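Below: one structure, written as structure tokens.
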Amino acid sequence: MSWIVLILSGALEAVWATALSRSEGFTRLGPSLVFLVALIASMGGLAFALRELPVGTAYAIWVGIGAALTVVYAMSTGAEPVSTLKILFLLMIVGGVIGLKLAH
């Protein structure tokens, strides 16, 4: 169960990071509220997962999932350009996350 919660929490990290960008310095209410709710849920999920998983592994996976999904979303919406190198490095992040899971 901890792994599922950790993966969902990592996805919520991408949600709050994107909402933070769209909040324009917390001047837009909608994205600011999405940021706050996603941040609380993401941190709560990480805290839950840390009850059973080692902090180094769990944190690295949480950040990796959040970072990769944030970049993929930005590239898919056109906010960031797509490049072969970016895709290669994203695959490296995903590979690292999978490797940490398998090593646990």
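The values are calculated or read from the model by the stated rules, or taken from the named source; none is laboratory data. Note that the structure is predicted; figures quoted are calculated from it, not measured. So basically every Cβ, Gly included, is an ideal-geometry build from the backbone, and we count neighbours across all protein chains shown.
When the residues of the range 61-104 are filtered to those that are of a type in the set (Ser, Thr, Tyr) and free of Cβ contacts under 8 Å to residues at least 24 places away in the same chain, which remaining residue is farthest from Ala38 (Cα to Cα)?
Residues of the range 61-104 that are of a type in the set (Ser, Thr, Tyr), as a first pass: 70, 73, 76-77, 83-84.
After this cut, where a residue has to be free of Cβ contacts under 8 Å to residues at least 24 places away in the same chain as well, the list is 76-77, 83-84.
Numbers: Ser76: 21, Thr77: 20, Ser83: 29, Thr84: 30 Å.
Per the stated criteria, the residue is Thr84.
Against the numbered list (1) assigned to a helix (DSSP H, G or I); (2) in contact (Cβ under 8 Å) with a residue 40 or more places away in the chain; (3) closer than 21 Å to Leu100 by Cα, Arg51 comes up short only at (1). Every listed requirement among (1) over 12 Å from the mean Cα position of the chain (by Cα); (2) buried (at least 18 other Cβ atoms within 10 Å of the Cβ); (3) at pLDDT below 95; (4) not hydroxyl-bearing (Ser, Thr, Tyr) is met by Phe35 save one, (3). Residues in the range 15-39 that are among the polar types (S, T, N, Q) and farther than 21 Å from Val72 by Cα: Thr27, Ser32.
Of Glu52, Glu80, all but one fail to be more than 27 Å from Ser23 (Cβ to Cβ) and either surrounded by 14 or more Cβ atoms within 10 Å (Cβ to Cβ) or over 16 Å from the mean Cα position of the chain (by Cα) (or both); the exception is Glu52.
Scan the range 54-82 for residues that are out of contact with any helix residue (DSSP H, G or I) (no Cβ under 8 Å at 6 or more places or on another chain) and under 18 Å from Lys101 (Cα atoms) and the total you get is 3.
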